[in-house]
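J.: One structure follows; several queries about it will come next.
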Amino acid sequence: TLSTYSSSDAINVIMNPNPTVDLGADVTLCDGDQIILNATTAGATYSWQDNSSAPTFTATTTGTYDVDVTVNGCTTNDAINVTFNPVPSVDLGLDATICDGDPLQLDATVAGASYIWQDGSTNATFDVTVTGTYDVDVTLGTCSASDAINVTVNPDPTVDLGTDVALCDGDQIILNATTAGATYSWQDNSSAPTFTATTTGTYDVDVTVNGCTTNDAINVIFNPMPSVDLGLDATICDGDPLQLDASVAGAMYIWQDGSTSATFDVTTTGTYEVDVTLGTCSSSDAINVIVNPNPTVDLGADVTLCDG
């Protein structure tokens, strides 16, 4: 008789879950930024693309970053692409001091960038005309940079030597360029605030205050004085001719009696004077003339006498 035998076996199978890891969506950052990739999972071990084993990884350069996260022998991998775009380079230069009217153009040009200046304008350049702080934000893609500059615009000094002038030989004119805090350079390189002109010419001066210079010029003409000489005082006899002559080419004349001829005929005792004007210049001269009367003589009528 055959006996019937049976046997059995059993096995316990544990299905461990795969760890969950999510490094996030691909990301674009700017040079100089960083991102901390976090794969932290309880009880896990880690292996990053560079074989480092920390639960986090700090990315500072463009690349693909991935991690194997292992828990209880089960491994999950995740990866992320990180792109670092260049930050635009912007340099407006050092703080500056310029003179009123001097050109100063701030240039923030970066190929492909957009711009916002302190006043909201959006050009790549900005023309400075007044004292102030100027700044610009330059955006290239998702990255921005900014810079600022302080600009002082000094006023040009005011100098006025006056209008052109005509004087007479022997006169002088003091040209005055005096300005507070200024230095001076005249046409002859002298450096006083005033200049005394005594000869015909063009006179100009550079006046400098705080590095800013203004120039002014004036034409000064010294006209010749008319030469007039009526001679020495004279004594004549009544009836003798005496003509005083003040003739100067192109001149005008006024004698003591208001007459305007170049000559004057003297007939009586007196002082005779004349003003002679040539252009804007005048000279005068005077002479004393004595007219003596002729003597009166009367021998009487003709007469006839006898000898002896």
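J.: Would you check which residues across the stretch 251-288 are over 60 Å from the mean Cα position of the chain (by Cα), polar (S, T, N, Q) and open to solvent by less than 50 Å² (accessible area, probe 1.4 Å) and list them?
T.: Answer for the stretch 251-288, where residues must be over 60 Å from the mean Cα position of the chain (by Cα), polar (S, T, N, Q) and open to solvent by less than 50 Å² (accessible area, probe 1.4 Å): just T263.
J.: Suppose the filter is under 20 Å from the mean Cα position of the chain (by Cα) and open to solvent by 40 Å² or more (accessible area, probe 1.4 Å); does D171 pass it?
T.: Taking the combined requirement at face value, the residue does not satisfy it.
J.: Which one of these does T56 not meet: (1) over 30 Å from D137 (Cβ atoms); (2) of a type outside the set (D, E, K, R); (3) out of contact with any Leu (no Cβ under 7 Å at 6 or more places or on another chain)?
T.: Against the list (1) over 30 Å from D137 (Cβ atoms); (2) of a type outside the set (D, E, K, R); (3) out of contact with any Leu (no Cβ under 7 Å at 6 or more places or on another chain), T56 comes up short only on (3).
J.: Ok, one more. Given the criteria among the small types (G, A, S), within 30 Å of I221 (Cα to Cα), surrounded by 11 or more Cβ atoms within 10 Å (Cβ to Cβ) and modelled with pLDDT of 95 or more, does G162 qualify?
T.: It is true that G162 is among the small types (G, A, S), within 30 Å of I221 (Cα to Cα), surrounded by 11 or more Cβ atoms within 10 Å (Cβ to Cβ) and modelled with pLDDT of 95 or more.
J.: So, of the residues in the stretch 76-86 that are over 10 Å from V21 (Cα atoms) and of a type outside the set (A, V, I, L, M), which turns out to be surrounded by the most Cβ atoms within 10 Å (Cβ to Cβ)?
T.: F84
J.: Additional query: Does T64 fit the bill of being assigned to a strand (DSSP E or B), open to solvent by 70 Å² or more (accessible area, probe 1.4 Å) and closer than 30 Å to T208 by Cα?
T.: When the stated conditions are applied, T64 does not pass them.
J.: A further question on this structure: Go through (1) in a loop (DSSP other than H, G, I, E, B); (2) over 29 Å from V165 (Cα atoms) for G250 and report which single condition fails.
T.: (2)
J.: Can I ask one more? Could you list, in sequence order, the residues of the stretch 209-237 that are surrounded by fewer than 18 Cβ atoms within 10 Å (Cβ to Cβ) and outside any loop (DSSP other than H, G, I, E, B)?
T.: Selection gives T213, N215, D216, A217, N219, I221, N223, A234, T235, I236, C237.
J.: Another question, then. Given the condition of a type in the set (V, I, T) and in contact with a Ser or Thr (Cβ under 8 Å, 6 or more places away or on another chain), answer yes or no: does some residue in the stretch 160-169 qualify?
T.: no
J.: So, one more: What number of residues within the stretch 37-61 are in a loop (DSSP other than H, G, I, E, B), surrounded by 15 or more Cβ atoms within 10 Å (Cβ to Cβ) and polar (S, T, N, Q)?
T.: Total satisfying the criteria: 1.
J.: Here is a follow-up. Can you pull out the residues in the stretch 177-207 that are open to solvent by less than 40 Å² (accessible area, probe 1.4 Å) and in contact (Cβ under 8 Å) with a residue 24 or more places away in the chain?
T.: A177, T179, A182, Y184, A197, Y203, V205, V207
The values are calculated or read from the model by the stated rules, or taken from the named source; none is laboratory data. Note that the coordinates shown come from a computational prediction; the quantities given were computed from them, not determined experimentally. Cβ coordinates were reconstructed from backbone atoms using ideal geometry, including for glycine residues, and neighbour counts include every protein chain displayed. The area values use the complete protein model at the heavy-atom level, side chains included, leaving out ligands, DNA and RNA. Shrake-Rupley method; radii C 1.70, N 1.55, O 1.52, S 1.80 Å.
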